[in-house]
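One structure below.
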Amino acid sequence: MNDEPRSRTLRMLSPIFAFVVLIICWELFARYAGLDNLLVSGPLDVVEAFGDESDLLVEATWITAQEAVIGLFMACVVGISIGVILHLSPLLRDATLPVVVASQAVPTVVLAPLLVIAFGFGITTKIFIVALACFFPIVIGTFDGLRSADPQLLNLLRSLGAGRMRVLRLAELPAALPRMLSGIRIAATWAFIAAVFAEYAGSQGGLGYLIARGTPSFETSRVYAAILILTAASLTLYGLMALLERKLVPWERHAANQR
Amino acid sequence: MYTSKQSLAAAKFADLSLTYTSRGTPVVALSGFDLTVGAGERVAVVGPSGCGKSSLLAIAAGLIEPTSGTAEIEEAVALMPQRDLLVPWRSALRNAALALEAQGTPRAEAIAAAEPLFERFGLAGFENSRTWELSGGMRQRVAFLRTMLAGRPLLALDEPFGALDSITRGQMQEWLLGALAAEPRTLLLVTHDIDEALALCSRVVIVTPRPGSVAAELSVERPEGSTRSEWITSPEFAAAKASALEALS
């Protein structure tokens, strides 16, 4: 019991320590490996790029963040709706589930350029691609979650005269919340990557655009900075979703503690 | 068919049979089961595990149809299953209110109706407790208040205290008797605990092992005004228990 706070601090600090070591190694490599500065940028160069090109990076981040967040939101709306429909109608389930699964078998990477050709360079196409890449775990999380409701509880509500929709609202949807949110959290890890893919396929701005343009023109520091922002943004979005999960389904933690 | 209510029966099961299929093999849960529960009566159905007791309550609550025979349910039934079925996303008070919300009562009204019951039945201060903060006995109390709040005259209780330790179970029986004295209801209690049946009910029906049918009936002559502990330690209780055990063997 006594050493628990210490071990917790240690657990918090050790990844930070690992990151610092990694960054030092990177700086040493960039400086002393004998490679051209044009080809490899060290952390200090990247920090410099952050300062010099902040306007450019902020603008690009804003564009990509909009695509990722709105795309994830659309994925939630569509994913939860499909999950509920699959749950409510066995007929639609049989018809829809294979299509939903098939949509995941088509790689987004190759689909993205085709969608850009079809729908243009605008933000709508990017949002569509992000939503397409993200909605699947949300569908599965919602669908499995709805089915995880205690059948005895459903019987109890039915014996009191609750109809299909009231059972859904009072028991199935709240019971589905933990798995639904897990699905959204998994989807959140994809949102920024999907947005960058979409920008790769054709765009006029955003972090993916900066990376796609910067790599062939040897803007190495800028590209590294964009990648770092992308990673941080992805982690932030994931963290926000994890926080949301903690706030919305406090009972999950307590159930885990009791086991 | 017209059925007269001259006997004021709350529920009448006649020649009830239930066969269901479990993993491809037919299981006869009940066969030729007869029971009449009078309005306001407290009847316990006692039998070994798997004698179709829970099926009887499911039929009473209208969740399943008997294979043959008739179940005339004159009073609306509120079912209290074996497990408390409290939902973790609701507070204790809102869990109780769920019984009303399931019937379409608006949320605020349901909460307003549940609140005074918490006061009356010793749950004051626990309204906003989360379900995982409640002890087993407290959970059962909330589950019972939820059953009461359904506002139905016939309570069908399925092993309500089966998961509790014997000390807590005794306290819960006492609490239940107090609650029923304040809010009288018809009681159909299913249990495998003879002591519980004799402590809570005025009539005990002994059911045979599967397929379940009525083996014997005892009427319980509990002295007026005796406390639960006086009653369960009395010679009359011991005599009643002896005849129940004999009927079961």
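For segment A:25-35, enumerate the residues that are in contact with a Pro (Cβ under 8 Å, 6 or more places away or on another chain) and exposed (fewer than 11 other Cβ atoms within 10 Å of the Cβ).
none
I'd like to verify a number: residues in segment B:149-168 that are farther than 20 Å from B:Val43 by Cα and of a type in the set (Asp, Glu), how many?
Number satisfying all stated conditions: 1.
Is it the case that some residue within segment A:164-181 is away from chain B (no Cβ under 14 Å) and not polar (S, T, N, Q)?
So far as segment A:164-181 goes, no, none of its residues is away from chain B (no Cβ under 14 Å) and not polar (S, T, N, Q).
Considering only residues of segment B:60-86 that are facing chain A (nearest Cβ under 7 Å) and under 26 Å from B:Gly125 (Cβ atoms), which is modelled with the highest pLDDT?
Only one residue fits best here, namely B:Leu85.
Do we have A:Thr125 as more than 14 Å from chain B (Cβ to nearest Cβ), in contact (Cβ under 8 Å) with a residue 40 or more places away in the chain and part of a helix (DSSP H, G or I) here?
yes
Each row is one residue, and each column tells you yes or no for (1) more than 12 Å from every other protein chain (Cβ to nearest Cβ); (2) of a type outside the set (S, T, N, Q); (3) buried (at least 16 other Cβ atoms within 10 Å of the Cβ); (4) within 21 Å of the chain's Cα centre (by Cα).
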{"position": "B:Ser91", "(1), (2), (3), (4)": "no, no, yes, no"}
{"position": "B:Pro116", "(1), (2), (3), (4)": "yes, yes, no, no"}
{"position": "B:Arg141", "(1), (2), (3), (4)": "yes, yes, yes, yes"}
{"position": "B:Leu145", "(1), (2), (3), (4)": "yes, yes, yes, yes"}
{"position": "B:Arg152", "(1), (2), (3), (4)": "no, yes, yes, yes"}
{"position": "B:Arg169", "(1), (2), (3), (4)": "yes, yes, yes, yes"}
{"position": "B:Leu176", "(1), (2), (3), (4)": "yes, yes, yes, yes"}
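Pick from segment A:213-245 the residues that are part of a helix (DSSP H, G or I), away from chain B (no Cβ under 14 Å) and among the charged types (D, E, K, R): which of them is surrounded by the most Cβ atoms within 10 Å (Cβ to Cβ)?
Going through the qualifying residues, I end up with A:Arg222.
State the number of residues belonging to segment A:36-75 that are at pLDDT below 90, charged (D, E, K, R), more than 22 Å from A:Val20 (Cα to Cα) and surrounded by fewer than 16 Cβ atoms within 10 Å (Cβ to Cβ).
2
Yes/no per residue for (1) among the charged types (D, E, K, R); (2) modelled with pLDDT of 90 or more; (3) part of a helix (DSSP H, G or I):
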| residue | (1), (2), (3) |
| --- | --- |
| B:Glu119 | yes, no, yes |
| B:Asn128 | no, yes, no |
| B:Leu145 | no, yes, yes |
| B:Met172 | no, no, yes |
| B:Gly178 | no, no, yes |
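Can we say B:Ala99 is touching a helix residue (DSSP H, G or I) at 6+ places or on another chain (Cβ under 8 Å), touching a residue at least 40 places away in the same chain (Cβ under 8 Å) and either assigned to a strand (DSSP E or B) or of a type outside the set (S, T, N, Q) (or both)?
yes
Which members of segment B:102-114 meet the condition of being part of a loop (DSSP other than H, G, I, E, B) and within 11 Å of chain A (Cβ to nearest Cβ)?
B:Ala102, B:Gln103, B:Gly104, B:Thr105
Please work out which one of (1) crowded, with 19+ Cβ neighbours inside 10 Å; (2) away from chain B (no Cβ under 11 Å); (3) assigned to a loop (DSSP other than H, G, I, E, B) is the condition A:Trp190 fails and give its number.
Going through (1) crowded, with 19+ Cβ neighbours inside 10 Å; (2) away from chain B (no Cβ under 11 Å); (3) assigned to a loop (DSSP other than H, G, I, E, B) one by one, A:Trp190 breaks only (3).
What do you reckon, is A:Leu210 modelled with pLDDT of 90 or more and surrounded by fewer than 19 Cβ atoms within 10 Å (Cβ to Cβ)?
In short, no.
Could you please let me know if A:Arg253 is within 14 Å of another protein chain (Cβ to nearest Cβ), under 30 Å from B:Ala60 (Cβ atoms), surrounded by fewer than 22 Cβ atoms within 10 Å (Cβ to Cβ) and of a type in the set (D, E, K, R)?
no
Quick one: is B:Val27 of a type in the set (A, V, I, L, M), within 24 Å of B:Ala199 (Cα to Cα) and in contact (Cβ under 8 Å) with a residue 40 or more places away in the chain?
Criteria not met by B:Val27.
Being under 24 Å from B:Pro81 (Cα atoms) and among the acidic types (Asp, Glu) is the requirement here; does A:Asp144 meet it?
Against the criterion (under 24 Å from B:Pro81 (Cα atoms) and among the acidic types (Asp, Glu)), A:Asp144 does not qualify.
The values are calculated or read from the model by the stated rules, or taken from the named source; none is laboratory data. It should be emphasised that the depicted structure is a prediction, and the values quoted were computed from it without experimental measurement. Heads up, the Cβs are rebuilt from the backbone with ideal geometry, glycines too, and the neighbour counts pull from every protein chain shown.
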